[in-house]
Amino acid sequence: MKPGRSISALGLAFATAAASCAPAGPTSSVVAGTIDTTGLPAGAWTITLVNDLGQKAHAKLDAGGSFNAKLEQGATWSLYLTSADTALPIVLRETDGRLETSVLVETGGAHVDLGLIRFWAGDAAAARKDVSRALELTPGADARPQPSGDASMTCDAGDGDDGDGDDGDGDGDDGDDGDGTDAENDLTVMETASPQTPVAVGTSNLPLSLACDADDGDDGDGDDGDDGDGHQD
């Protein structure tokens, strides 16, 4: 074997080994928020996450009502605020009066925050001033809360598991569907929610999809190569 060919083969072997040892990027993105607990009856509330692949996960609320929902990439997700017998869709953005309740997670590593999430009994309930048991979740708002701006998205090149382990057990939580939380058994991805029915609305609009550039612009493989080092050999 010629020396040059041998060196090339070794270089390829080293490159392949280095690539196989490189840390994998995050496979999930995070949607955060804080539930306005005003008017919520005592009980076990959680965030239920469902996607168009038939998967379900959960994110726990902390003492202040905050949550970090970890959503696996490659699926469209909807979020619900659920208790044993109630499921409220969480509005992720409002577009031309439409209450949109799904987000496509294209890649891992993204992080967005819905801000404070407030309740609305529904336009129909407000019109007839109806207060049924399900609508008691709304603390007497006179007008439907509306997002005040767009959520900013940040990207994390780390492992993406930053403390969002609440919902990481979502796969196991699928087995919890029979533990009395009847409201979540039939949940599916929703594109929009009706303004006539009870919903929870975030302060910020989420983008239609969550996607981070795997390079983050810092590989600069080709750009860095322009330093001329390789080109002048």
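For the stretch 19-33, taking the residues that are within 20 Å of Asn68 (Cα to Cα) and surrounded by fewer than 19 Cβ atoms within 10 Å (Cβ to Cβ), the one that is modelled with the lowest pLDDT is identified as Gly25. Would you confirm whether or not the stretch 43-53 contains a residue that is exposed (fewer than 15 other Cβ atoms within 10 Å of the Cβ) and modelled with pLDDT of 95 or more? Within the stretch 43-53 (the criterion being exposed (fewer than 15 other Cβ atoms within 10 Å of the Cβ) and modelled with pLDDT of 95 or more), the answer is yes, since at least one residue qualifies.
Under the condition of being aromatic (Phe, Trp, Tyr) and more than 9 Å from the chain's Cα centre (by Cα), which residue from the stretch 48-81 is farthest from Leu99 (Cα to Cα)?
Step one: of the stretch 48-81, the residues aromatic (Phe, Trp, Tyr) are 67, 77, 80.
Subsequent filtering for residues that are more than 9 Å from the chain's Cα centre (by Cα) retains 67, 80.
Working: Phe67: 21, Tyr80: 14 Å.
Among residues in the stretch 48-81 that are aromatic (Phe, Trp, Tyr) and more than 9 Å from the chain's Cα centre (by Cα), the one farthest from Leu99 (Cα to Cα) is Phe67.
The values are calculated or read from the model by the stated rules, or taken from the named source; none is laboratory data. For clarity, every value in this text was computed on a predicted model and none was experimentally measured. Note that each Cβ is placed from the backbone with ideal geometry, even for glycine, and that neighbours are counted across all protein chains shown.
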